[in-house]
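All remarks here apply to the structure that follows.
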Amino acid sequence: MPRYNPADIEPKWQSYWEQNKTFRCPELPDPNGKGKLYVLDMFPYPSGAGLHVGHPEGYTATDIYCRYWRMQGKTVLHPMGYDAFGLPAEEYAIRTNTPPRQSTEANIANFTRQLKMLGFSYDWDRCLATTDVDYFRWTQWIFLILFDTWYDPKARKGRPISEMPIPEDVIAKGPEQVASYKDRFRLAYQDDALVNWCPALGTVLANEEVIDGKSERGDHPVQRIPLRQWMLRITAYADRLLADLDLLDWSTGIKKLQADWIGKSTGAEVDFKVSCKNGTALGEESIRVYTTRPDTLYGATYMVVAPEHPLVHRITSAEQSKVVEEYCKAASFKSDRDRTEGDKQKSGVFTGAYAINPMTQKPIPVWVADYVLGNYGTGAIMAVPAHDIRDYEFALKYDLPIVQVVEPIQGTPQELEEIRSGKVCFAGEGIAIAGRELNGLSTKDAKAKVIESLERTGLGRGAVNYKLRDWLFSRQRFWGEPFPILHELREDGQPNGQIRAVPMSHLPVDLPHLEDYKPHGRPEPPLGKADASWLYVELDGKRYRRETNTMPQWAGSCWYYLRFISPKCSDAFVDRQQEAAWMPVDLYIGGAEHAVLHLLYARFWHKVLHDRGYVTHPEPFQKLVNQGMILSYAFKDHRGALVSVDLVEEDQDGNAKHRQTGETLQRIVAKMSKALKNVVDPEIVVKEYGADALRLYEMFMGPLEATKPWSMQGVNGVRNFLDRAWRLIVDSKSEQMQLNDSVKEVEPTAEQDRVIHSTIAAVTQDIENLSFNTAIARMMEFVNHFTKETIRPRSAMETLTLLLGPFAPHLAEELWHALGHKESLAYAPWPKAIEEKLRVASVEIPVQVNGKVRAKVSMPVGIDDQATERLARENDRVSELLVAKELVKVVIVPGKMINFVVKP
RNA sequence: GUCGCUGUGGCGAAAUGGCAGACGCAUUGGACUUAAAAUCCAAGGACCCGUGAUAGGGUCGUGUGGGUUCGACUCCCACCAGCGACACCA
């Protein structure tokens, strides 16, 4: 036992922690402690492949942070769970013909085993999975809260639907009309929308799940078809989701990503009257456009409506109707990808109609073009080709007039001439020209003036738009939360269009047993195949059919951080008192891939729950940190093709050669992939080097937020450090577990004290800043220093063990035990750096002449500037360099350096 | 195309206005050993001058070019490269 053997001590301490419930977290923070700390990991999706090395990176970081703060006396909530609904489990189920619940449970068991193997200090009693019936019962409950909430724009918050004012004329039309009026304002509502239908996956997808016209998962083609779907009105919260980013301690990068996704823009809506060519008005028809540049209204030389625009057909002239018809039809078949991809040549057709520019009163042609989106703004634009690059391209292609109305503030005469002549598009801000009353105004002032004039004449108004769209919330899959919604049936068994919520007391709505949940390529959900006993419900004398869509995977992860607070609470989704005590999450660590979707969705749900009085804070995640991706080395041949790692041979000089062709290969860094055979399995690393070595290496590789390549030699390096730490304290030659002979019951020397206390100070600082790589470097220096000492004070060894505790907990517990302690060190007080012990008598001060270090002079600490200069001048080399030179000035940073500036 | 991040020894990195390269890997030398492994100790940016060899000294050096400063890896401007996100949002 005298040698450091992680295979022995790691399982031993893991079962000690488990048996003693060392990391059990109390229901409420200890009132006598130093406050609460809620540290959360983004919970994993339990895939069949098990953990990869990316998981333990964030998990180790939070674990170190938690173990540290426990030792500092905080009550720490640090839970773990599983995001287990979703497509991969269902795909796997279909492939292997096992029920998804069965494979999901097996995967969860495997993940739990692997996570426990790494010694994380989770309170496992709080473990949950989004697929637990007891969990998704409350996911359904929250959905019903969304269903029961409308957004009151005056109060700027969500309120119960019962408090919504109903117009008299609606009330007059009877209860059915009132019900459907209410339904239109709910935060969870149904809508016939063009959706992203993916036949291969057999489900619709949210806009965010479609990448370049293909499904994010599986890369299958996606079509746009109209379908009745559940939507969540996240757009109502766009402004607050944007504004409240200011409250958060997140990186500016992530905040910007979210802000860009919300995409707020300000401008104006302008109404253009429509006429036919000869100037006769076409009834009272007008088209409303949205623009961020109302100041360029005088430069609008044509108008474009989206192919989906409701007025397209009404305004199209008889001559143009055939081409317009065809164009719109073609556009409807195109996916978003087809509309944006390729050479990006814009296309469009003239409708034959004209619109009157409200400023110039001149008619401008109205075109249909698919570069204008139907679902943003008003679905129509005024085109100002002189000052918008897209309009400019379109105008060039179809030979439409280009009229400059803004002059840049700076530019060479040549550039200005090119803009004037229409050879170049100027999209920036400048000074208004050719716009009568606007002449000479800055872009900002001109915008304000135009809006003011539009509002006066009633032809327009200031307006705000968001890129954010409502969240498409239903999926046609089996493995998700069923919607707690019932559709009322007529006598003939068909729905009559009325819906109602499943009473909250009837929750949960469990998934039915299905023999066959394969997708069939049609948009009817698999739950439609459930037994009549599940599908049909009688309530209050009426017959209903259950909603058969299921919720998307995001649903469960929108609120899991709340359930962790009181996972067993049976009468509410979270215990009120405990929620108030633990929220918000103080530190949330996870991958940057969730920067937009998960974090935005969860913030939205949280705000609704906050408005409805169920949670105390406006935001769920106070501090967010994104761990960097872990990459692996890969090899490239002369053509740039990647070569699988098992085909590569490295010689002693580290040159990589192709095993078969002998070609010299270039080493690069790439994502781990099965195809390249460069995936690192954490379980194998644990078997070979130990969990503590894995943890330590993941932290030592570099800064937490950086992307960094994996190196097995690096793992060996930190393992070597753990061995050295072990031998520093333990007698590795003895058969018995006993302390190294050098460990003595003595006081540290002054020099040893400096090492001890500067290490404590540095490690403490580094942990609080999440700079774990440098913290480990400081402990290595400590071990290097004391390895050379033949008398090692026992107190110093205890300090090292405590510092090591958060990083390599198994090793530290074993050493702590060897040093004679009976209890775990999990709650032992963290060492304190003592200021006086850090003091040194003298320091080496670099002496510069003209900014170059020419000498180092030892000086007493706390020396004044005069004495510093005197001692520096006394140095032979310095005086030599200063002789016969004219001194310009002397710069002194006390205790740091001195610089003589001389004329050369 | 737009935005963001990154660029420092053979490699992972440290230093965020004050001694560039802490710490680790790999490498080299030494001690221990019959030998090897393990362990322990030590060396190391490049080039030049100097010496018998040491010691010592100089010039250059943090992607490139400019700037600010007594002093720049660090701040500012422009550019290049790699990675990532978004991508007709008017």
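The values are calculated or read from the model by the stated rules, or taken from the named source; none is laboratory data. Predicted model, so just to flag it, every value in this text is computed and none were measured. Reconstructed Cβ throughout: ideal geometry from the backbone, glycine too, with neighbour counts over all protein chains shown. For accessibility, only protein heavy atoms count, side chains too; no ligands or nucleic acids. Shrake-Rupley method; radii C 1.70, N 1.55, O 1.52, S 1.80 Å.
Accessible area per residue of segment A:419-490 at 1.4 Å probe, in Å²?
Each residue of segment A:419-490 exposes 44 Å² on average to a 1.4 Å probe.
Could you give the size of the charge dipole of chain A about its Cα centre, using +1 on the Cβ of each K and R and -1 on the Cβ of each D and E, expressed in debye and rounded to the nearest 20?
Its charge dipole is roughly 860 debye.
Treating only the Cβ atoms of Lys and Arg (+1) and Asp and Glu (-1) as charged, compute the dipole magnitude of segment A:841-902 about its Cα centre; round to the nearest 20 debye.
Dipole size: approximately 200 debye.
Under 14 Å Cα to Cα from residue A:708, which aspartates and glutamates show up? Leave out anything in the same chain fewer than 8 places away.
A:57, A:698
How would A:214, A:542 line up by accessible area, probe 1.4 Å, largest first?
A:542, A:214
Take peptides A:767-774, A:245-252 and line them up by average Cβ neighbours within 10 Å, highest first, as a rough protection proxy.
Answer by packing, highest mean first, reads A:767-774, A:245-252.
Give the accessible area for residue A:332 in Å² (nearest 10); use a 1.4 Å probe, count only protein heavy atoms, and leave out ligands, DNA and RNA.
60 Å²
Residue A:534: accessible area at probe 1.4 Å, nearest 10 Å²?
For residue A:534, the solvent-accessible surface is approximately 30 Å².
Just flag the GluC sites (Glu not before Pro) in segment A:468-560 sitting in loop per DSSP whose Cβ has no more than 10 other Cβ atoms within 10 Å.
When the GluC sites (Glu not before Pro) of segment A:468-560 are filtered for loop state and at most 10 Cβ neighbours within 10 Å, A:491, A:515 remain.
Can you give the FRET efficiency to the nearest 0.05 for residue A:52 and residue A:647, using r as the Cβ-Cβ distance and R₀ = 25 Å?
With a Förster radius of 25 Å, E is 0.65.
Tell me, what is the 1.4 Å probe accessible area of residue A:91, in Å² to the nearest 10?
60 Å²
Using helices alone, I'd like the mean residue ellipticity at 222 nm for chain A: each DSSP H run of four-plus residues gives -39500 (n - 2.57), total over residue count, nearest 500.
-10000 deg cm²/dmol
Can you classify chain A as rounded, prolate or oblate using the Cα gyration tensor, where a ≥ b ≥ c are the square roots of its eigenvalues, rounded means a/c under 1.5, and otherwise it's prolate if a/b beats b/c and oblate if not?
oblate
Ranked from the most accessible area to the least, with a 1.4 Å probe and all protein chains present, what is the order of A:364, A:863?
The most accessible residue leads, giving A:863, A:364.
Projecting each Cα onto the charge dipole of chain A (Lys/Arg +1, Asp/Glu -1 at the beta carbon, about the Cα centre), which of A:55, A:164, A:20 comes out farthest on the positive side?
Most positive-ward Cα: A:164.
Can you give the FRET efficiency to the nearest 0.05 for residue A:101 and residue A:720, using r as the Cβ-Cβ distance and R₀ = 45 Å?
After rounding, the FRET efficiency stands at 0.50.
Lys/Arg Cβ at +1, Asp/Glu Cβ at -1, dipole of chain A taken about the Cα centre: which of A:720, A:221, A:302 is farthest positive-ward?
A:302
Provide the gained length on full extension for the span residue A:163 to residue A:180, in nm with one decimal, where the gain is 0.36 nm per separating residue minus the Cα-Cα distance.
Separation in residues times 0.36 nm, less the Cα-Cα distance, equals 4.6 nm.
Enumerate the lysines that residue A:36 could reach by cross-link, defined here as Cα to Cα under 16 Å, with residues fewer than 8 away along the same chain left out.
Partners within reach: A:74, A:623.
How high is the FRET efficiency from residue A:251 to residue A:674, r the C-beta distance, R0 25 Å, rounded to 0.05?
After rounding to 0.05, the efficiency reads 0.20.
Which lysines have a Cα lying under 18 Å from the Cα of residue A:329, excluding residues fewer than 8 positions away in the same chain?
Result set, ordered by chain and number: A:346.
For segment A:841-902, build the convex hull from the C-alpha positions and give me its volume per residue in Å³.
66 Å³
Using +1 on the beta carbon of Lys and Arg, -1 on that of Asp and Glu, and nothing else charged, what's the dipole of segment A:166-308 about the Cα centre, debye to 20?
140 debye
What percent does the relative contact order of segment A:841-902 come to when contacts are Cα pairs within less than 8 Å and at least six residues apart?
Relative contact order comes out at 40 percent.
For segment A:265-465, which whole percent of the accessible surface, found with a 1.4 angstrom probe, sits on carbon and sulfur atoms?
Of all accessible area on segment A:265-465, carbon and sulfur atoms account for 53 percent.
With a cap of 12 neighbouring Cβ atoms within 10 Å, and only residues DSSP puts in a loop, list the trypsin sites (Lys or Arg not before Pro) found in segment A:546-588.
When the trypsin sites (Lys or Arg not before Pro) of segment A:546-588 are filtered for loop state and at most 12 Cβ neighbours within 10 Å, A:568 remain.
When the solvent-accessible surface of protein heavy atoms is calculated with a 1.4 angstrom probe, in what order do A:319, A:269, A:176 fall, highest first?
Final ranking, largest accessible area leading: A:319, A:176, A:269.
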